Structures are given as structure tokens and as C-alpha cells.
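Only one structure is covered here, and it is reproduced in the block below.
The values are calculated or read from the model by the stated rules, or taken from the named source; none is laboratory data. Because the structure is a prediction, the values reported are computed rather than measured. Cβ sites come from the backbone with ideal geometry, for glycine too, and all protein chains shown count toward neighbours.
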Amino acid sequence: MRPVYVISGGITKFAKAHPDKDFRLMAKEAYDYALRDAPRFSKDMIDGAVGSYFSDHFTRQLKAASMVQDYLGLCPRPSKRVEGGGATGGLCFQSAWEAVASGRMNCCLAFGFETMSRVNTWKGNEFIALASDTNFDFPVGGFYTGYYAMMVQRHMHEFGTTVEQMAMVSVKNHGNALYNPYAQKAKRLTIKQVRESPMVATPLTMEDICTMSDGAAVCVLASEEIAAKACDRPVKIVGVGSGSDVMRMADRPHGKVLLLPHERESDYVHLKYPGVHSFRGGRMAAKQAYQMAGIRHPLEDLSFIELHDAYTSSEIQTCEDLGLCKYGEGGRFVESGVPFLPGVDYGMSLPKQGRLPVNPSGGLLACGHPVGATGLMQAVFAFWQLQRTIDKHLGDNTIQIKNIKPGSRGLIHSHAGTGTYITVSILEAT
Amino acid sequence: MSEKGTRLFGVDPLILHEHYEIDYRHSYAEDSPFFVGLTKGKLLGSRCTGCGYTYATPRSHCMECGAPTAWYELVAKGRVHTFTTCHYGGEAFLHETPFTLILVEFDGINTLFLSRLKGIAPESVRIGLPVVARFAKTPSFKVTDVWFEPAEER
Ligand SMILES: [Zn+2]
């Protein structure tokens, strides 16, 4: 495998609805942004594309990625669609990485989009729930927030995680988004407001949950040669990993923890793993990506993380899967302030504020979650962070991670279903 | 509202109503005995004929070792492994809210079972609560032909 670089990216503003733009035009806007942002980059350098969108139900247009391919003027170059639930964007990113790493392409475009506004929110929830077993899970009351609520109830039972710790994630991510004009739902919140917002599925309230969105994002991945030619400050992809888990949560095993290099079996003597409280696929993805990138202590070796916080609870669970703290310590990890941005006033006392910011962009909770675009949005934010160009693209430097220098690393994490597909990719500043 | 007429939501851009509906011929295939079992008041799980791994759900081949499984009847009593009460839901289930979902654990069985919990106030549900399976008198041949209710605690 040869080295692969991100050389450009673009995002449309995520919004509840973009009735004036169809998915082709949204993708085109993100694509044109990416073309403009790398001045020596041109369309002829692109050897092919990978498109991602989650739901044929939302789109009601099969082979919609073909229509983007033609709208962007990329025919007859190679193209395909990647689909993997919520992880669709992350899988798309890794698929483009594979195309370049293998030598099949020198430059591959990854584009993703979703148009969720075409049905009402509750119909949308029903569509998403069709990504659970339709014989055994969906008919019982198919509702993803319900599934995540059951997972976090067990997390609370096993580890003593509290709803206030979850609410802190909401305060953080919605607060970070105040400095990100791409975000759909930026606001200053208090723990009390999160808890007093309408209960959706106990213990998750409206402010614990991301919203549906329309949006698109693209990333351009290239070989070292193209990167040097087309881009002033390319970002290197130094680690990729992915994992999976059993579709029906009920069928998950209760066995031994999949350990990261800095952990020991004695850390988890009584823990039955993954059960329904942890994401084994996320741990697997992290383990592979860390191994490839040579990361032994993620808390020290990473500068920031953009992870799939469809729920406040899943951010806490994912921090554990990624080994930022031990299993069971995710709630206290948030409370300590480590995953908050430094220098931002969240209205609470955070002793270790800003040690390793998680979701500086605002994450899915605040940016929105146009499924096929989400994982690519994370990649674009990470790319800009590592290029130190957040100010240029967002018009505000607040969320720019300070002290990014050559060799600094950011992690992106994309997650599907109740943890059925998960990707972790690690990017490095050059 | 007529499904034949044209309904506009806006003219610039032009937004109109579209209806879509489809009927399927759906087979439960190798899982069929489970659904037939429910009509007889039996909850069937699957036990691996190779390694003995015991599932509380239908699965005709073991995901541990790949061997075929055999059906067995679960004891209808278990405990709440985890739970939630849904106050919203997918459109198909909105009219049933609030409803309580549980994962049920059974003694000596390796995996869990997803079901509804009825006959208890949401605030009284807790992890570890003993529950017992109840079966629909008039089957609909869906997994909802079984649900759980609190069992008498001894
Ligand atoms: Zn077996």
C-alpha cells in the first residue's frame, strides 16, 4: 500500500431542508468548493469517484450516485456507491483511500449526501429503524432512540454513568457549534435545559439526540505525487480501521474485552463484553487504525477527535471504545473536561478542560446528520483542522485546535446502526 | 386527501405531494417455526448442535462455530436486562406511545430477547425485574405475538 493524502474538501451547510436544491446540486456545491480550495487541482486529475448515501427510502431514486457522477461531469470514469447505514460516509472515505492506496487510482473523489427532509421526522425515524432486523426488532417498536436508550440504561447500570454527564456532551457539542457556521443547531445550553427538554426514550431527551438533515460533503484523496502537485498543505491518512457487530442487539455476546495496547486483561476482570453497553466494532476499528498509525496512547498521541455522536450517550460509549479512558469511565471522562475545547466558556467548571477536544465542530448533535454526508463532513473538518485553515473556511478561529504542527494527528469515527459497522481513520498534518 | 389529485406545497421551488405504497409476499423461511411457536404459547430459541451455544432468538446456524442449531423451548420467565420507555417513535408506532421496550435475560441462556413490557408503570421498571412471557390469543404472526409482564416475585 502506498501513502494517501486528503488534498481538498467541501461541505454544504447542513439544514433541516434544502427544497431549492436536489442532491445533485448539493453535491456539486461541495465539490466546487473543493475544486476552488486547491488552486492547482483540476478535474482531469480525478481518476474516479465513490458516492455515498444511506437510504433509498429517503432518496426514492435508486442509483442516485450515478446521477451525481453525471452532474459533476465525471462520466465515463469509474464510480460506485457505498452504503453502510450511519457509517456510510466513513466507509466511503475508506473506499476512496483503498482505491488510491492500492494504486488503482491516483486521485479519487469521495462524495456523500442525504435528503431526509422529504418525509416527516417520524416517518424518517421509521425509515432509519428499517436498519434494524425487520422480523424481530422493527415490529416491536422500531426506533433507534429506543435502542440507544436501552444501551445507555445498561451503561448506567454497569458503570454508574449519569444523565448529567450525558447532558454535558450536549452542552459541549451544541456550544462548539456556535463557532461553526456549517452547523444546523448551534446553541448555548445548560445541563438543566437538556434534562428538561421533552423526553424521547428514557433517559434520552430531545437535546441528547441529533437531528435529521439535508446536506452533502466531498473529500478528494490522492497519491503523494498528485498531493505535492495540487495542494499546498495536504493531510496524510496514516491509519484506517473498521469493525462490525451483530445486527440484533439481543444476540451480542457477553465475553472478554477486546484490549488496546495500553490496556490489560486485569483492568476488566468482571466486565462482560460488549453486551449492549459497548461497541465492539468501534473497539476493533480503533485497534486496527492505532496499529497502522503506531498509536499506543490515544489520549497523548491524538490532537482532536470527530466522532459519531448521534446520541450524547454514544459519545460517552465511543470515548471508551477508542480507549481515551477505560470502559466504564466515559461519564467521568466528560465530567473532567478533557473532551471540551480549551478557552471556551461552557458555564461549568471543567478541571482538565481541553486536553483532547472531542467534536470541536459540534458533531452530529449540532451539525446535523445527513447520513451519507456525515462521515465525509468529519473528514473535511479534520482536514481543515490539520491544515490549520479553520479560520479561512469557518470565518472564526475559535474551534481551531492550537499547536497543530507536522505530525499532529486527528481521528475521525463513523458509526452505523447499533454499532453494526464502524470506521476509524487517522489523519496527520504535514 | 385524494391520492390521485395533485397537491402542491409550494411553487418556487415546485414541491408536490407524492404517495408510495407496496405489498410484499414475505417469507419467514427457516425462522418460521418460531412464529408458529408463538401461536401455541411457546417461545422458541436455538441451541447449537456443535458447541452448545444457546440463543434466545431464532438463528438456524451458530455464529460461533457455524454448525446447525436445534429449536428448544425457552422457560417463559426471565429478568429485565435493560429497558426504555419510548414517548416518541417511528410513524408506524407513534400511536402506541408511550411503550416500554426491554431486553430479557434468561438463566443459562447466552443471549437476550427484545420485547415489549406491559402491565407496569414506566417509573417502576428496573433492571433485574422478573418478567414472564404472555402470548396473543389471536395471532398476527409477528414477533409482537409475545410480550412480557412483571412476574410475581418470590
Ligand atoms: Zn456453535
In region A:119-139, is there at least one residue being touching a Pro at 6+ places or on another chain (Cβ under 6 Å), buried (at least 21 other Cβ atoms within 10 Å of the Cβ) and modelled with pLDDT of 95 or more? no
Region B:90-121, subset β-branched (Val, Ile, Thr) and more than 25 Å from residue A:251 (Cα to Cα), residue farthest from the other protein chains (Cβ to nearest Cβ): B:120
Please verify whether region B:69-89 includes one or more residues that are among the acidic types (Asp, Glu) and within 12 Å of chain A (Cβ to nearest Cβ). no
In this structure, does residue B:129 turn out to be over 25 Å from residue B:31 (Cα atoms), surrounded by 16 or more Cβ atoms within 10 Å (Cβ to Cβ) and at pLDDT 95 or above? yes
When the residues of region B:122-134 are filtered to those that are farther than 20 Å from residue B:44 by Cβ and of a type in the set (A, V, I, L, M, F, W, C), which remaining residue is nearest to the other protein chains (Cβ to nearest Cβ)? B:127
Quick check on my filter: what residues within region B:29-57 are within 11 Å of chain A (Cβ to nearest Cβ) and free of Cβ contacts under 8 Å to residues at least 12 places away in the same chain? B:29, B:32
Residues that are crowded, with 17+ Cβ neighbours inside 10 Å and more than 16 Å from the ligand (Cβ to nearest atom): list the strands (runs of 3 or more DSSP E) wholly contained in region B:3-100 that include at least 2 such residues. B:77-86
Residue A:392 fails exactly one of the following numbered conditions: (1) over 21 Å from residue A:240 (Cβ atoms); (2) of a type in the set (Lys, Arg); (3) touching a Ser or Thr at 6+ places or on another chain (Cβ under 9 Å). What is the number of that condition? (3)
Report yes if some residue within region A:335-351 is farther than 26 Å from residue A:16 by Cβ and assigned to a helix (DSSP H, G or I); otherwise report no. yes
Among the residues of region A:236-245, is there at least one that is in a loop (DSSP other than H, G, I, E, B), closer than 22 Å to residue A:423 by Cβ, within 18 Å of the chain's Cα centre (by Cα) and within 14 Å of chain B (Cβ to nearest Cβ)? yes
Look at region A:1-51 and say how many of its residues are aromatic (Phe, Trp, Tyr), surrounded by 24 or more Cβ atoms within 10 Å (Cβ to Cβ) and modelled with pLDDT of 95 or more. 3
